[in-house]
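J.: Could you have a look at this structure, given as structure tokens, before my questions?
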Amino acid sequence: MIRVSICIPAYNNAAGIARLLDSIAAQTFADYEVIISDDSRTRDVEKAVRDARERFPQCFPDDRFVYVRNGKPLGAVPNWNAALLHARGTYLKLMHHDDFFTDEDSLAEFVKLLDEAPDAAMAFSGSMQVPLHGGKTGGEMAGKGTPRHISDEDREALEADWRYLYLQNPVGAPSAVIVRREFVQREGISYDTALTWLVDAEYYMQILSRAPHFACTKAPLVSIGLSDAQLTRRVSEDDEIQRREYTHVFRKYDLGAAAGADENPYRERLTQVLAAHHAKASAIPEDLGIDREAFRLAEKKSARQTRKRRADTAAYLLDKCRTKLSRPAALLFYLGVLMEIAIVIVDKSDMPVPYQGQLFRLTFALFFAKLLCTKIPRGERPFLVLFLVLGFVSYKVTGRNEILRITVFVAAMRDMNIRRLMKTTLFATAAGCVVLFALSAAGIFGTRALIGDTSGHGVEIRYCYGFGHPNALHCMLTMLMSLGLYLYGRRTKYFGYVVLLIANLLVYLLTGSESGFLTGLLILFLCLILKMSPALGERRLFYFAGEAVFIAALVFSLFAAAYGDLPAVRAIDGRFFTGRVGALWDTVYHQGTLATWSFFSSPANDYYFDMGWVRLVYWYGVIPAAAMLAVLFALLRVLRRKRDAYAFAFVLVLCLYTTLEAHLVSVYLLRNYILFLIAANAAGIFGGELAESK
């Protein structure tokens with residue numbers, strides 16, 4: 001007697017039939033017959049069957065192969081039953097034309113499951129969920145896909161009560177199942193033609209309600225082909241079919257009486273399905289026993305789940321779009337960075353920046369395009385929105401758009417390699433500075449020196465070599481030296497520190513810029529100490545001392561804005577600060593002093609002076625300045641917690657430099673290298689997570 005009848009209901013899938021027959025021919029278990037019931041209107045399936053039999057005549061002999069082409073289409077489920085009617089084997093193995101055996105021992109393992117479980121009328125296996133691509137053979141797709149199998153919890157629930165299948169189908173597709181033919185024929189079991197979506201689960205319910213024992217394996221013995229064109233995909237989204245079929249099965253097995261009236265999981269499941277598939281409360285039959293209040297709650301839950309599903313789908317599509325656009329967006333970002341660097345270089349020269357406003361709009365657009373392709377972590381999004389709102393309000397009140405530009409610039413770097421960006425900035429800016437210096441030294445472009453009282457020390461010659469002002473030349477050296485030491489200070493040999501010290505001294509002799517010279521000495525000293533004594537960078541005292549010095553610098557700035565006109569302060573200012581404090585008080589309206597501060601500044605506050613922290617409040621207002629200072633202190637705190645000593649020293653020195661120089665408080669983004677470290681440490685600043693800087 002034939003052991004296994006492999007029954008195949010076919011419909012317009014010649015490639016799938018060929019793939020399935022190939023996998024059958026490859027089986028090591030050969031005691032089978034093949035039955036094909038073809039519902040197609042074309043001859044394609046018939047031709048695929050004929051070709052397979054010609055290729056494997058020994059696997060598909062006439063006495064064990066039945067091909068029936070239905071004169072009139074039967075429909076999906078009736079065609080399943082038609083294929084089973086011709087079976088003669090001990091076991092029935094339905095195989096759909098999208099599916100195929102995973103390997104050559106699959107059929108033998110199915111037979112073994114029932115052979116070793118004589119009290120079981122049904123056995124099933126795990127499966128591989130395989131997306132279908134063209135006409136690939138089963139061998140080419142073997143091992144590919146996502147595995148699916150019954151969990152231990154589901155197995156226990158199904159063994160305890162076969163009605164668990166109404167709640168969910170842990171068995172899987174019909175192709176993963178094998179049954180005893182004699183049992184199902186004796187019991188009159190067949191696929192219910194009133195069903196489409198629940199047809200397989202209800203078939204298993206018929207079997208297990210009469211013979212509750214089953215055998216199973218988690219091994220993926222079959223591969224289930226998946227495609228968008230499948231009937232099940234369309235049926236799963238059909239509200240009418242879902243409502244009708246769950247109601248039909250609920251009544252067929254009298255599931256309303258299966259448990260107590262108060263706690264009936266099957267009625268609860270039906271309630272959920274009816275609510276999810278838009279049943280009208282007034283149209284629900286009374287005999288189902290659906291509680292109206294429970295139905296209303298299920299409707300609300302379903303609506304929430306639908307909204308979440310749509311949001312998740314939108315987020316998935318957005319992430320997919322971001323992934324595809326991430327590389328071109330990063331290139332646009334780098335283009336914007338190079339443009340901002342070029343603007344900084346031109347601004348430092350004798351030349352005015354042409355079309356400055358239009359260039360800033362262009363770079364903002366490039367950075368914003370990158371931001372749209374950047375996934376901001378959930379915890380950081382409120383801060384992004386907060387600073388965007390703050391920037392917008394500042395723009396509307398003061399006419400200044402720097403906060404908006406800075407926010408977009410920093411946020412757009414969230415997923416980028418920050419160190420690489422900083423290196424790009426270092427070398428591009430250095431190259432621009434070298435070009436300016438060389439052009440001026442060669443007499444081609446730019447002033448070499450300024451003669452006069454440019455620093456309050458009387459008439460003197462101070463060299464600027466194309467940078468417009470001696471302070472600008474030394475400022476750029478200090479900034480580049482600070483950035484370079486942050487990036488390479490750990491690896492720089494002691495000889496390199498000596499070279500930088502000499503360069504700082506030589507430029508000071510040319511420019512006479514004391515603030516730039518002292519700041520350069522400070523960053524060199526800190527980095528050299530950290531290099532000589534790495535343990536210093538592990539001590540909290542190092543960081544707390546630095547933060548205390550920064551706070552003192554801010555207090556000094558506040559004192560200068562409030563009491564800078566006192567004679568004693570004037571004397572100290574003239575001796576040590578070259579009149580920077582006095583510059584606040586020597587204007588008609590005392591621009592920058594405490595009297596000109598407000599919560600949000602005004603467009604009239606456009607005076608330029610050197611003291612950076614005072615300029616920050618004067619230009620933007622107390623609220624924006626407080627927000628930006630809060631971010632700076634949060635950055636210092638993160639660097640302290642990470643024990644990133646070089647980064648801490650870098651930020652601290654730039655903050656102290658800003659006390660007397662306003663290089664960082666500017667309309668030019670790429671003057672301020674602290675922005676890079678804010679982006680690199682955004683997880684700790686805004687999200688509370690410490691992450692390694694990229």
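J.: What does the highest-first list of 33-39, 632-638, 310-316, 106-112 look like by mean Cβ count within 10 Å?
T.: For the peptides 33-39, 632-638, 310-316, 106-112, the packing ranking is 33-39, 106-112, 632-638, 310-316.
J.: Related question: Taking only Cα atoms, what is the 0 to 90° angle, nearest 10, from helix 292-348's long axis to the longest principal axis of the chain?
T.: Approximately 40 degrees, to the nearest ten.
J.: Using only Cα atoms, figure out Rg for the range 381-422 and give it as a multiple of 2.2 N^0.38 Å. List each step's numbers first, then the result.
T.: Working: Rg = 11.8 Å, N = 42, 2.2 N^0.38 = 9.1 Å.
Normalised Cα radius of gyration, the range 381-422: 1.30.
J.: Same structure, new question: Only four residue types carry charge here, +1 at the Cβ of Lys and Arg and -1 at the Cβ of Asp and Glu. Report the dipole size of the range 537-694 about the Cα centre in Debye, rounded to the nearest 20. Present the calculation step by step, with values, prior to reporting the outcome.
T.: On the way: 13 positive and 11 negative charges, 95 e Å.
It works out to roughly 460 debye.
J.: Using packing as a proxy for protection, rank 606-614, 42-50 so that the peptide with the highest average count of other Cβ atoms within 10 Å comes first.
T.: On the way: 606-614: 20.4, 42-50: 16.9.
Going by the mean number of other Cβ atoms within 10 Å, highest first, we get 606-614, 42-50.
J.: Now for a different question. Report, to the nearest 10°, how far helix 106-115 tilts away from the longest principal axis of the Cα atoms in the chain, using its own Cα long axis and a range of 0 to 90°.
T.: Here the helix axis deviates by roughly 60 degrees.
J.: The range 246-321: D in µm²/s via Stokes-Einstein (Kirkwood Rh, Cα pairs, 25 °C, 0.890 mPa s)?
T.: Values: Rh = 13.8 Å.
Estimated via Stokes-Einstein, D reaches 178 µm²/s.
J.: Roughly what would the spin-label model give for Tyr589 and Ala634, points 7 Å off Cα along C-beta, in nm?
T.: Simple spin-label model gives 3.3 nm for this pair.
J.: Now, a different point. Suppose each label sits 7 Å from its Cα in the direction of the beta carbon; what would the Phe559-Ala342 distance come out to in nanometres?
T.: My value for the distance between the label points is 4.6 nm.
J.: Per Stokes-Einstein, at 20 °C and 1.002 mPa s, what whole-number D in µm² s⁻¹ belongs to the range 525-580, with the Kirkwood radius over Cα pairs as the hydrodynamic radius? Display every interim value, and only then the final one.
T.: Values: Rh = 13.6 Å.
Roughly 158 µm²/s, to the nearest whole number.
J.: Next up: Which residue, chosen from Met205, Leu404, Ser227, occupies the Cα position most advanced towards the positive end of the dipole of the chain, where the dipole is computed from +1 (Lys, Arg) and -1 (Asp, Glu) charges on Cβ about the Cα centre?
T.: Checked the options; the winner is Leu404.
J.: Debye sum, Cα scatterers, the chain, no solvent: what log₁₀ I/I(0) at q = 0.07, 0.09 1/Å?
T.: -0.70, -0.82
J.: Just to compare against my own numbers: the Cα pair-distance distribution for the range 4-233, 10 Å bins, whole % per bin, please.
T.: Here the calculated profile for the range 4-233 is 8, 35, 40, 15, 2.
J.: Which of the listed residues, Ile36, Pro624, Trp162, is farthest toward the dipole's positive end in the chain, when Lys, Arg count +1 and Asp, Glu count -1 at the beta-carbon?
T.: Pro624
J.: Could you tell me which trypsin sites (Lys or Arg not before Pro) in the range 315-417 are loop residues by DSSP with no more than 15 other beta carbons within 10 angstrom of their beta carbon?
T.: Values: sites: Lys320, Arg322, Lys324, Lys348, Arg361, Lys370, Lys375, Arg378, Lys396, Arg400, Arg405, Arg414; in loops: Lys375, Arg400, Arg414.
Here the sparse-neighbourhood loop sites are Lys375.
J.: Between Lys47 and Thr193, with labels modelled 7 Å along Cα→Cβ, what's the label distance in nm to one decimal, could you check?
T.: 3.1
J.: What list of ³J(HN,Hα) couplings, whole Hz, do you get for the range 200-217 from phi and the Karplus terms 6.51, -1.76, 1.60, once you set θ to phi - 60° and write x for glycine and proline?
T.: Taking θ as phi minus 60°, the curve returns 6, 4, 5, 4, 5, 5, 4, 5, 6, 5, 9, 9, x, 7, 8, 10, 7, 9 Hz for the range 200-217.
J.: Something else: In what order do Ser394, Ser515 fall by count of nearby beta-carbon atoms within 10 Å, going from fewest to most? Present the calculation step by step, with values, prior to reporting the outcome.
T.: Values: Ser394 24, Ser515 21.
With the fewest neighbours first, Ser394, Ser515 line up as Ser515, Ser394.
J.: Using only the Cα atoms of the range 197-335, build the gyration tensor, take square roots of its eigenvalues as a ≥ b ≥ c, and label the shape rounded, prolate or oblate: rounded if a/c is under 1.5, else prolate if a/b is larger than b/c, else oblate.
T.: oblate
J.: Quick one: dipole size for the chain, taken about the Cα centre, charges +1 on Lys/Arg Cβ and -1 on Asp/Glu Cβ, in debye to the nearest 20.
T.: Details: 78 positive and 69 negative charges, 445 e Å.
Magnitude of the dipole: close to 2140 debye.
J.: Go through Gly336, Ala431, Leu255 and say which Cα lies farthest out towards the positive end of the charge dipole of the chain; charges sit on Cβ, +1 for Lys and Arg, -1 for Asp and Glu.
T.: My answer, from the dipole projection, is Ala431.
Only the coordinates and a few stated rules stand behind these numbers; no lab work does. Note that the coordinates shown come from a computational prediction; the quantities given were computed from them, not determined experimentally. Backbone-built Cβ (ideal geometry, glycine too); neighbour counts: all protein chains shown.
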